[in-house]
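**Student:** The structure's right below; bear with me while I get my questions together.
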Amino acid sequence: MATVLVLNGPNLGRLGTREPDVYGAGTLDDLRAVLREDAPDLEIDLRQTDTEGELLGWLHGAADSGEPVILNAGAWTHYSYALRDAVSLVTKAGGTVIEVHLSNPHAREEFRHTSVISAVSTGVIAGFGFESYRMALAFIRRNAR
Ligand code: DQA
């Protein structure tokens, strides 16, 4: 069974209780269940880390394996050039990385308006809660397996 990596960065382990008015009331376990229901033909490997180096390592793995990635990098999105280089490593190797966000960063504080990873990602989906991930997964099912 083909695997899709669903990689989540800092503070996203607190989903459900963290600013539910912004991020919704669902937890990462709820998200995993929704994605598994959407794609029973795929292995959904959903992970979360608060350690940047761990996320970089997962992206290096994706560059080697070719496994498609749905990436919510949280606040690292806005300033981590190391993350940008790791995303670029995957996409330049021919892999897929879809940048997703639960909220619409462009409608929020100014520091969230910048993404240093968008330009090297395959595409960007933001502002639709769990639907952002579901749309990314639908794209991968049709195009990137
Ligand atoms: C986020 C948006 C980021 O600005 C924020 O730092 C997050 C979550 C989102 O999913 O809306 O942690 O990536």
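Values quoted throughout were computed directly from the atomic coordinates according to the rules given, and no laboratory measurement underlies them. This is a predicted model, so every value here is computed, not measured. Methodologically, a virtual Cβ is constructed for each residue, glycine included, from the backbone with ideal geometry; neighbour enumeration extends over all protein chains shown.
**Student:** Chymotrypsin sites (Phe, Trp or Tyr not before Pro) within the range 62-103: which are DSSP loop residues with at most 16 other Cβ atoms inside 10 Å?
**Tutor:** Values: sites: Trp76, Tyr79, Tyr81; in loops: Tyr79.
Those that pass, being in a loop and sparsely packed, are Tyr79.
**Student:** Using alpha carbon centroids, what distance separates the range 51-105 and the range 1-49, in Å?
**Tutor:** One Cα centre to the other: 15 Å.
**Student:** Taking every eigenvalue of the Cα gyration tensor of the range 21-145, multiplying by 5 and rooting it, what semi-axes result, largest first, whole Å? Before the final figure, lay out the partial values.
**Tutor:** Numbers: eigenvalues 79, 76, 34 Å².
Equivalent ellipsoid of the range 21-145: 20, 20, 13 Å, largest first.
**Student:** Another one. Sort 44-53, 17-26 for me by packing, meaning the mean count of neighbouring Cβ atoms within 10 Å per residue, highest on top.
**Tutor:** Peptide ranking by packing, descending: 44-53, 17-26.
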